[in-house]
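To start, the structure itself, in structure tokens.
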Amino acid sequence: MSFQEEISSFLTSRRARISPEQAGVPVFAGIRRVPGLRREEVAHLAGVSTDYYSKLERGNTRGASREVLDAIARALQLDDTEREHLMNLVEVGTSPLRRKTRPKSRLVVAPGTQAVLDAMAVPAVVQNSRLDFVATNRLGAALYGLQYPAKSGQLFNAARFQFLDSRAQDFFVDFERAKRNVVALLHQAAGRDPFDEELIRLVGQLSTQSPEFRALWASHDVIRYQRGTKRYRHPSVGDLEFGYESFDLTTEPGLTMLVYTIEPNSPTAERMALLGSWAKTSVAADPDPAMHTAPNAPS
């Protein structure tokens, strides 16, 4: 999809989701032929002409100022992540410097980063924007059923697991939400760095092999990791519930550390203690390089 098509689809999808009542636009009698707001209503809310907004929605953003884009973001009630996504799309489409292919992101972490992971008494992983697990600690590997330490060149990918591995449905307690989130994370990454060749191949593979991924990709939702709750159903120890915190690694650009927090004396704490004791005395099976997942346990 071209930059113009991506911007057009994103703006159209955001406009379609807002009702006139939500936007405070008067609704007159008669049949509305489009879901959500009309172009002229968005233009009025943003303080620009209908022709100008229509041009932007067709993907022609040349000369669009940040002030105008901010006004459109307010009119469409974009959250901070959606606003950033729109700005990234416009910048990529208008700046030749952003069109240059970026260098590939690192596939290993520095020894100091691995040492931090290994010092944690809770599961932790480091992943890139494509949702490859670049590094884990022992508990993180045990949670996801991965080999620890991982073999070089065999990275587990969370998106491939969720859409291409039948075990994912049993592992995620809220599977539908998990799939929506992973697609939104990839969409946000694509807006930030659309020239990531590995990401392009990943999205192409998932779009080809999963109709559900194609449908969710077309929704143009975007999110970013911050904090929240994760609930899994591990095949060995049962239901697990974690909080999680995410940290962008400033010393390793493009990588994010996810740390899973565990409530003391909870069933999850007891089950993870059991899983951790097994992890110390056993080695997980080799991951399947075709799927980037381990055969005996899910992600």
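The values are calculated or read from the model by the stated rules, or taken from the named source; none is laboratory data. Here the structure is a predicted model, which means the values were calculated and not measured. No Cβ is skipped: glycine too gets one built from the backbone with ideal geometry, and neighbour counts run over all protein chains shown.
Going by what's in this entry, would Ser277 be described as surrounded by 14 or more Cβ atoms within 10 Å (Cβ to Cβ), without any contact (Cβ under 8 Å) to a residue 24 or more places away in the chain and more than 23 Å from Gln169 (Cα to Cα)? When the stated conditions are applied, Ser277 does not pass them. Taken over segment 201-235, the residue count meeting the criterion of being modelled with pLDDT under 95 and among the polar types (S, T, N, Q) is 3. Tallying residues that are over 20 Å from the mean Cα position of the chain (by Cα) and at pLDDT 95 or above within segment 242-260 yields 0. Between Leu155, Leu117, the distinction of being at pLDDT below 95 and of a type in the set (A, V, I, L, M) belongs to Leu155 only. Of the helices (runs of 4 or more DSSP H) entirely within segment 1-90, those holding at least 2 residues that are closer than 21 Å to His187 by Cβ occupy 3-16, 50-57, 66-75. Scanning segment 200-252 for residues that are surrounded by fewer than 20 Cβ atoms within 10 Å (Cβ to Cβ) and charged (D, E, K, R) gives Arg201, Glu212, Arg214, Arg224, Arg227, Lys230, Arg231, Arg233, Asp239, Glu241, Glu245, Asp248.
Select, from Asp165, Asp170, Asp174, the only residue that is surrounded by fewer than 14 Cβ atoms within 10 Å (Cβ to Cβ), within 30 Å of Leu274 (Cβ to Cβ) and touching a residue at least 60 places away in the same chain (Cβ under 8 Å). So the residue among Asp165, Asp170, Asp174 that is surrounded by fewer than 14 Cβ atoms within 10 Å (Cβ to Cβ), within 30 Å of Leu274 (Cβ to Cβ) and touching a residue at least 60 places away in the same chain (Cβ under 8 Å) is Asp170. Note on segment 20-41: residues that are within 16 Å of Asp79 (Cα to Cα) and surrounded by 12 or more Cβ atoms within 10 Å (Cβ to Cβ) amount to 1.
Might you let me know whether segment 17-31 holds any residue that is closer than 22 Å to Leu89 by Cα and not hydroxyl-bearing (Ser, Thr, Tyr)? Yes: one or more hits. Whenever a residue of segment 195-208 is over 13 Å from Phe163 (Cβ atoms), its partners that are acidic (Asp, Glu) and at pLDDT below 90, lying with C-beta atoms within less than 8 angstrom and at least six residues away or across chains, give the pairs Leu199/Asp193.
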